[in-house]
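Asker: Quick one: structure below, then a few questions.
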Amino acid sequence: MTDRPSTTKGRRPRTRLRRRVSGAIALALALGTVGVAYATVAAAATPKAQVASNAPSEDPVEIRKGRQLFEQGCITCHGRNLQGVQDRGPSLIGVGEAAVYFQVATGRMPVARQEAQVERKEPYYDEAETLQIAAYVQSVGGGAEIPTGNLRGSDENLAEGGELFRLNCASCHNFAGRGGALSAGKYAPPMDQANDLTIWTAMLTGPQNMPVFGDNQLTEEQKQAITNYVQTLKEQGDPGGAPIGRMGPVPEGLVAWVVGIGAIMLMILWIGAKS
Amino acid sequence: MSDVDGRHLHAGTPVPDVDLETYRTLSLEDQAHEASKIDGVTITHRRDRFPVPGTKAEKRAERVVALCFVAAFVGALAFTVCYVVLPWRYDISSDSYAWFTPVLGLTMAISLFGFGLGAILWAKLLITEEESVQERHGGYSEQEDRETTAAIVSDGWDMTGIARRPLLQRVLGLSVLALGALAIVPLGGLIKKPKGELFRTGWAEGTRLMTGDRRLVRPGDIEAGGIETVFPATEEGLSMQVRADSVVLLIRLRPGQTVTPRPDQEDYGWQDYVAFSKICTHAGCPASLYEQQTGRLLCPCHQSQFDLLQDAKPVFGPAARPLPKLAITVDDEGYFVARRDFNEAIGPSFWERP
Amino acid sequence: MSQTTSERRPTPTRRNTGPVGKAADWADERYTGSGLTRRALNKVFPDNWSFMMGEIALYSFVILLLTGVYLSFFYDPSMTEVRYNGSYELLRGVEMSRAYDSTLDISFDVRGGLLMRQIHHWAALLFVAAMTVHMLRVFFTGAFRKPRELTWLLGVTLLTLGIVEGFAGYSLPDDLLSGTGLRIAHAIMLSIPVVGTWVAYAIFGAEFPGTDIIPRLYIAHVLLIPGLILAIITVHVGLVVKQKHTQFPGPGRQENNVVGERMYPSYGAKGGGFFFLVFGVMAALGGLVQINPIWLYGPYNPAHVSAGSQPDWYIGFLDGSTRLFPAWEIRLWDYTISPLVWPCVVLPGIMFTLLALYPFIEARLTKDRALHNLLQRPRDVPVRTSLGAMALTFYTVLLISGGNDIIAAKFDISLNAMTWAGRIGLIALPPIAYVLTYTICLGLQRHDRQILEHGVETGIIKRLPSGEFIEVHQPLGPVDDHGHSALEYAGAAVPKRMNRLTHPGRKAKGFLWKVQDPDEVQDRSGTEAALEAGLETNERRELAGRPKDPEL
């Protein structure tokens, strides 16, 4: 830029400038187009409500299979007649198939070792086996049933679901279902992997230290609304960029210091370096 | 320090010894040297980065700087285009809107980085390198300035005669104080007398318990090990005030759990139901992280832990007082009702609280 | 050159040509600005990377003003209850304050509004962070010493105001997180002995939450506090200009000069460019990293709360102290002193008072009344450096404890254990930091002296005729018969490796390309020059961090 061509020199540099400008415009347009194209593609992938169709059967064959599985995997802690074993595991009489489904489908049962809180793992049993065990436990003691049908309702209920979620759930699971700490090593787990059915069965049965939210307290419509809210929240994009965990100001402060101040420190080191 | 135009009041500034006519005949660089001297600046090192113009290295440096400004231009242009073109409205059925802000931020950043880098690289690669030394003068004025100023101040003070007039001294001091009060007194409009609301909530004898979605609560509604946030049932909507001070956590214990009540509060619960203020006695957050097996209630703000089985006694963390307990019973129609307001102030401690 | 003044000056000769020159003539004939302009353009700035930290804070503040004005076009500071009817479907129909409603509109119904909101919030976090970093630099290098105590005091005031300003801004959206924060702020006001309830009623205008607090915070956030900050920044920067910048000791750098680049053109281009880089970082963060997603938090409702409710980082230390402090409530007959008053009122009061008074405390203890324009290397003032490390450790333990629930949840640690670790760490770690820092400072000092005496290790091993192996040292100055040189430490960095020998204190190295050329190396004064710079003994004493010897 130091030896700027005088105006009389005329056309050549101007065309070069024009070429550069048009190149820049083309680049900007290309960027825009990519954005629009992505938007259209992304729009096609609409989240769908999950409908539970896999209710456990009352078929005696299934129950017998469930019993076999129970006697192989569960009996040491929960006892031959589901009555529980002192210091090992609680009685399962009356917990219902919903509780079995939650515990087994999330891999919490069978438990590897006793800790402050049983952790979510890769499930040991597949879906069919889980339902068989559930059917067996239900056949012995009864209790909360696995819900069937539409677990999310319609999208009309999202705002209501949000209010209920913030009143009943967010205090432990955080505003975006990302979990939180409880007293002395216990915690409310993140709901990242929870599907509609585990959310429902958790509310119905209050696993571990979670309070129970029975149908008289949170109606089925309200549970649909909560489930719909949680799952929609998980599925929807973050309009403001990387969500950094959706955990509020702690990760934000970390980013401000490490990324923000860090980057600026590198810059001043560079600016201050002798050239 | 006879220099009256204020420029050379500090000692030691080397004044260029050339007159204006000679100065005009100097080269621009020498003129700058002389001009700097007036401000106590000596350019000790000055080096053209490219003594031979038009070398490959110079062109490369120039291109780098130019590239930065091109990036600034392109970024700003892309920002404008994206701002106009990209879909931006929230739409529940697609994620396309989620790209709007990141793309805007990115293009804006590219533009700003380009411009900033361009300017800095220009300074680092092209602008003639220099090192200058500027004189810095002592932290205090010249002795004669100090003394002459002091004389002026003292003389003026004498002229007012205030030292000899104690009456004026006092009256003046008094009126200055009063004028100061004029600035502060109107702030009295902010002051409100606390009217004992801190000791009262929306609960009274016979007030029914109502959920956030305005349902009355009956004993069968909550399962064992369940909790429900309740408010005093009113005809009109829940005001923020009521939500802030009357919110109560109704808990149904698990079979086998029993609460050891405080003295005089043996009858506050109803069968396996107990009701406590949800407002933490520490800093006022809703303490509502209930562990149904251990009976512990945790406050998410400062981790105070209350043991409900010991009647909400604080067992860990900074809270010092148990959560106030609401006396409840069931009325003739089978709904939960409060038997009276709390017998103490809810929420965080304050001075007047006994 | 100096003009003579007379009763009536002759009309100046117009020598300038071109539009800029004509404008300059026009302005000078009316405002007599030539001398001032020349002085400003000629001002020399010392160039050390650490001197740019204050600029980050200044630039962040400018960005805050720019984005803040934009946001104020759309934000409505009203606590009137409305029913949301905007684009964000997950909240449609929910009752909320107009403040929260309008913040949602900025995020979802104003094109580009979310970007501005996010840049504003990131800039706020970085504003306070930059002030903190800047303050640490000033502290550890002794830049606060006479004659700059007032500048320090103003800086501490700015930091405090920045924190208050940030908290006010954080509260304005009236979302669940900030409302919880306000509730705690209300509890802290209540906790003040004797007048607490009166203070809380005066500020909130009623029992919590009332309807006054958001409008009041708004006017404080957009007028009162930024006005104060702007005024104090003006004085703070004005003092730096008046007294000129401090500098590190080095070749040719003395108490009575400033060595660096002139404002125009070099430094101006760098400093101006740096503004855009800082703005670029904010824009990148504001666009690419989501901050304060209030639509996820929901509107404030005193009966709602979220796990992991935290303030922004600069309040984190207070949150931490509140979490760690034991449950000590004092009952005096019919009155109560809340446990909140100690960690939330008394402790920060002590911390900021000590911070503000530090220059005066140090001056009194060292009996140092000299003027200081040359900085100290932290190692040369081990007591101050260790005190600083101790304070920093104390603060960091508090800050980490402010997020101890998040750490407990993410790293699978017991929350109670985190609290206890914080309590113990708060007491045990600062003294350890003091001792460690002190030892390191002395070690570094000793190493500097050793090199001045024996020279730089070359890595060349020689075998003497006696069979003994020695490492060859490159002496830094003239040596005596034993190979020892009598160089005295002058407070400047001592080269410790062979390849830094010609450039004391600074490497000549390009960032992307290697740019050091041999001519330049010849040009510069070497370490010898640095050390032979003719510093008087007294000056040496000062540079080494000791007060002047009154005898001399």
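Asker: Can you tell which of B:D213, B:D145, B:D245 shows the greatest fluctuation in a Gaussian network model of chain B with Cα springs below 10 Å?
Answerer: Maximum fluctuation in the GNM of chain B, among the listed residues, is at B:D213.
Asker: Classify chain B as rounded, prolate or oblate from the Cα gyration tensor: take a ≥ b ≥ c as the square roots of its eigenvalues, call it rounded if a/c is under 1.5, otherwise prolate when a/b beats b/c and oblate if not. Numbers along the way, then the final one.
Answerer: Working: a/c = 3.83, a/b = 1.76, b/c = 2.18.
Oblate shape, in that a/c is at least 1.5 and b/c is the bigger or equal ratio.
Asker: For the pair B:Y140 and B:A66, what calculated FRET efficiency results from E = 1/(1 + (r/R0)^6), where r is the Cβ-Cβ distance and R0 = 60 Å, to the nearest 0.05?
Answerer: Working: r = 50 Å, r/R0 = 0.83.
The formula returns an efficiency of 0.75 here.
Asker: Another question, then. Grab the beta carbon distance between C:L150 and C:D412, set R0 = 60 Å, and tell me the FRET efficiency rounded to 0.05. Intermediate results must be reported in sequence, preceding the final value.
Answerer: On the way: r = 50 Å, r/R0 = 0.83.
It comes to 0.75.
Asker: A follow-up question, please. Could you tally the net charge around C:G443, taking each other residue with its Cβ under 14 Å from the Cβ of C:G443, Lys/Arg +1 and Asp/Glu -1? Intermediate results must be reported in sequence, preceding the final value.
Answerer: Details: positive: C:R377, C:R379, C:R446, C:R449, C:K496; negative: C:D380, C:D448.
Every neighbour counted, the sum reads +3.
Asker: Based on the alpha-carbon gyration tensor of region C:111-254, what equivalent-ellipsoid semi-axes (square roots of 5 times the eigenvalues) come out, in whole Å, largest first?
Answerer: Values: eigenvalues 260, 75, 34 Å².
Ellipsoid semi-axes (Å, largest first): 36, 19, 13.
Asker: Same structure, new question: Taking Cα centroids, how far is region C:310-347 from region C:134-156 in Å?
Answerer: So the two Cα centres are separated by 29 Å.
Asker: Also, quick follow-up: Is any helix in chain B, taking whole DSSP H runs, at least 18 angstrom long along its axis by alpha carbon and on average at least 1.6 on the Kyte-Doolittle scale, and which ones?
Answerer: Numbers: long enough: B:56-85 (42 Å, 1.23); B:100-121 (31 Å, 1.85); B:143-160 (26 Å, -0.86); B:166-184 (27 Å, 1.77).
Result, helices passing both filters: B:100-121, B:166-184.
Asker: Each residue of region C:470-479 in turn: what ³J(HN,Hα) in whole Hz from Karplus with 6.51, -1.76, 1.60 and θ = phi - 60°, glycine and Pro shown as x?
Answerer: 9, 9, 6, 10, 8, x, 9, x, x, 10
Asker: Residue-wise, which Karplus ³J(HN,Hα) couplings in Hz belong to region C:241-257, taking 6.51 cos²θ - 1.76 cosθ + 1.60, θ = phi - 60°, and x for glycine or proline?
Answerer: Using θ = phi - 60°, the values come out as 5, 4, 8, 6, 5, 6, 8, 6, x, x, x, x, 9, 10, 4, 9, 8 Hz.
Asker: Between region C:392-424 and region C:425-447, what is the C-alpha centre distance in whole Å?
Answerer: If you average the Cα positions of each part, the centres end up 23 Å apart.
Asker: If you don't mind, another one. 7 Å from Cα along Cα→Cβ at both A:R88 and C:Y31: what's the point-to-point distance in nm?
Answerer: So the label points at A:R88 and C:Y31 sit 9.0 nm apart.
Asker: Ok, one more. For chain B, set up a Gaussian network in which alpha carbons nearer than 10 Å are linked by springs, and say which option among B:V185, B:V103, B:V315 fluctuates the most.
Answerer: Comparing B:V185, B:V103, B:V315 in the GNM, the peak value goes to B:V103.
Asker: Same structure again: Rg over Rh of the protein assembly as shown, using C-alpha atoms and the Kirkwood radius, what does it come to?
Answerer: Values: Rg = 36.0 Å, Rh = 34.9 Å.
On the Cα set of the protein assembly as shown, Rg over Rh gives 1.03.
Asker: At the nearest 100 Å², what buried accessible area, both sides summed, do you get for C and B when the probe is 1.4 Å?
Answerer: On the way: alone 31680 and 23840 Å², together 46070 Å².
Result for this pair: about 9500 Å² buried.
Asker: Further, regarding this structure: Starting from 0.36 nm per residue, how many nanometres of slack lie between B:Q265 and B:A181 once their C-alpha separation is accounted for?
Answerer: On the way: separation 84, 0.36 × 84 = 30.24 nm, distance 5.11 nm.
Contour length minus Cα-Cα distance gives 25.1 nm.
Asker: Report, to the nearest whole %, how much of the accessible area of region C:258-416 belongs to carbon and sulfur atoms, 1.4 Å probe, protein only. Present the calculation step by step, with values, prior to reporting the outcome.
Answerer: Numbers: 3940 of 5440 Å².
Of all accessible area on region C:258-416, carbon and sulfur atoms account for 72 percent.
Asker: A follow-up question, please. Treating the angle as unsigned and between 0 and 90°, give the value, to the nearest 10°, between the Cα long axis of helix C:98-108 and the longest Cα principal axis of chain C.
Answerer: 60
Asker: Relative contact order for chain B: what percent, with Cα pairs under 8 Å and sequence separation of 6 or more?
Answerer: 12
Asker: Return the carbon/sulfur percentage of the accessible area of chain B, one whole number, probe 1.4 Å, all protein chains in place.
Answerer: On the way: 10150 of 17090 Å².
Roughly 59 percent of what the probe reaches on chain B is carbon or sulfur.
Asker: Here is a follow-up. Enumerate the calculated ³J(HN,Hα) couplings along region A:160-170 in order (Karplus 6.51 cos²θ - 1.76 cosθ + 1.60, θ = phi - 60°), each rounded to whole Hz, writing x wherever the residue is Gly or Pro.
Answerer: 4, x, x, 4, 5, 4, 5, 6, 9, 10, 4
Asker: Give the distance, in whole Å, between the Cα centre of region A:93-107 and the Cα centre of region B:52-81.
Answerer: Value for the Cα centre distance between the two parts: 65 Å.
Asker: Follow-up. At most 10 other Cβ atoms within 10 Å plus a DSSP loop assignment makes a site exposed; report the longest stretch of chain C without any exposed chymotrypsin sites (Phe, Trp or Tyr not before Pro). Write out the running numbers ahead of the final one.
Answerer: Details: sites that count: C:F73, C:W333.
Longest site-free region, per DSSP loop and neighbour criteria: C:74-332.
Asker: Calculate for the protein assembly as shown the 222 nm mean residue ellipticity that helices alone would give, adding -39,500 (n - 2.57) per DSSP H run of length 4 or more and normalising by residue count, nearest 500 deg cm²/dmol. Don't skip to the end; give the middle numbers.
Answerer: Values: 38 runs with 548 residues, N = 1181.
It lands at -15000 deg cm²/dmol.
Asker: 5 Å is the cut-off here: which amide hydrogens, built 1.01 Å from N in the peptide plane, fall below it relative to B:V330, excluding neighbours closer than 5 in sequence?
Answerer: Amide H neighbours of B:V330: B:V337.
Asker: Another question, then. Roll a 1.4 Å probe over the protein chains and send me the accessible area per residue for chain C in Å².
Answerer: Working: 24670 Å² over 552 residues.
With all protein chains present, chain C gives 45 Å² per residue.
Asker: Please work out the FRET efficiency for the pair C:V20 and B:T148, using the Cβ-Cβ distance as r and a Förster radius of 35 Å; give the result to the nearest 0.05.
Answerer: Plugging the Cβ-Cβ distance into 1/(1 + (r/R0)^6) gives 0.25.
Asker: Largest first, what is the accessible-area ranking of C:K43, B:K59, C:K22 with a 1.4 Å probe? Could you put the intermediate results ahead of the total?
Answerer: Working: C:K43 25, B:K59 115, C:K22 135 Å².
Greatest to least solvent exposure: C:K22, B:K59, C:K43.
The values are calculated or read from the model by the stated rules, or taken from the named source; none is laboratory data. Small disclaimer: the values here were computed from a predicted structure and weren't measured. Positions of Cβ are backbone-derived with ideal geometry, glycine not excepted, and every protein chain shown enters the neighbour counts. Just the protein is used for accessible areas: all its heavy atoms, side chains included, with ligands, DNA and RNA removed. Shrake-Rupley method; radii C 1.70, N 1.55, O 1.52, S 1.80 Å.
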